[in-house]
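Below is one structure, written out as structure tokens, with a few remarks after it.
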Amino acid sequence: KIAEEIFKEKEEQSKSGFSKEVFAFHYFLKTNKIKESEKLANIFGELTKKYPKWYKNANQEREIKKILINELIHHYNFTRGDATLFIKNLIEKIKQGIKNGSK
């Protein structure tokens with residue numbers, strides 16, 4: 001069962017055209033029932049291009065978080081606290097995946 005899920009996720013990632021970290025971002029949004037998850041994932045993807053060392057550089061990471069938090073507040077009706085917590089947790093999961101070699 002787990003092997004099937006992994007294969008399905010890899011297949012979806014390949015079809016999406018997203019990098020692994022952007023796909024993980026999208027997948028997390030989708031599984032948390034965030035509307036227009038692909039749009040927000042595209043924003044994250046553009047930000048990772050603008051800030052390519054975001055997962056190693058605190059300033060770049062902070063900029064990405066700030067933009068994503070504001071996006072959730074202004075377009076997804078999150079409170080500042082909920083948006084901050086959500087993005088912080090999501091970014092940490094993705095960074096952990098990168099550190100574990102899944103990039």
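State whether one or more residues within region 13-27 are among the aliphatic types (A, V, I, L, M) and at pLDDT 95 or above. Steps first, please.
So the first thing to find is which residues in region 13-27 are among the aliphatic types (A, V, I, L, M), and the list is 22, 24.
So of that shortlist, the ones also at pLDDT 95 or above come out as none.
No, region 13-27 contains no residue that is among the aliphatic types (A, V, I, L, M) and at pLDDT 95 or above.
Would you mention how many residues in region 33-50 are outside any helix (DSSP H, G or I) and either touching a Leu at 6+ places or on another chain (Cβ under 7 Å) or open to solvent by less than 40 Å² (accessible area, probe 1.4 Å) (or both)? Steps first, please.
Within region 33-50, the first condition is being outside any helix (DSSP H, G or I), and the residues that meet it are 33-36.
Still in the running and either touching a Leu at 6+ places or on another chain (Cβ under 7 Å) or open to solvent by less than 40 Å² (accessible area, probe 1.4 Å) (or both): 34.
Residues meeting the conditions: 1.
State all residues of region 51-70 that are touching a residue at least 12 places away in the same chain (Cβ under 8 Å) and open to solvent by less than 30 Å² (accessible area, probe 1.4 Å); if no residue qualifies, say none.
Glu61, Ile64, Leu68, Ile69
Can you tell me how many residues within region 71-87 are surrounded by 14 or more Cβ atoms within 10 Å (Cβ to Cβ) and part of a helix (DSSP H, G or I)?
Total meeting the criteria: 8.
The values are calculated or read from the model by the stated rules, or taken from the named source; none is laboratory data. Note that the structure is predicted; figures quoted are calculated from it, not measured. Cβ sites come from the backbone with ideal geometry, for glycine too, and all protein chains shown count toward neighbours. Heads up: the accessible areas ignore ligands, DNA and RNA and are worked out on the full protein's heavy atoms, side chains in. Shrake-Rupley method; radii C 1.70, N 1.55, O 1.52, S 1.80 Å.
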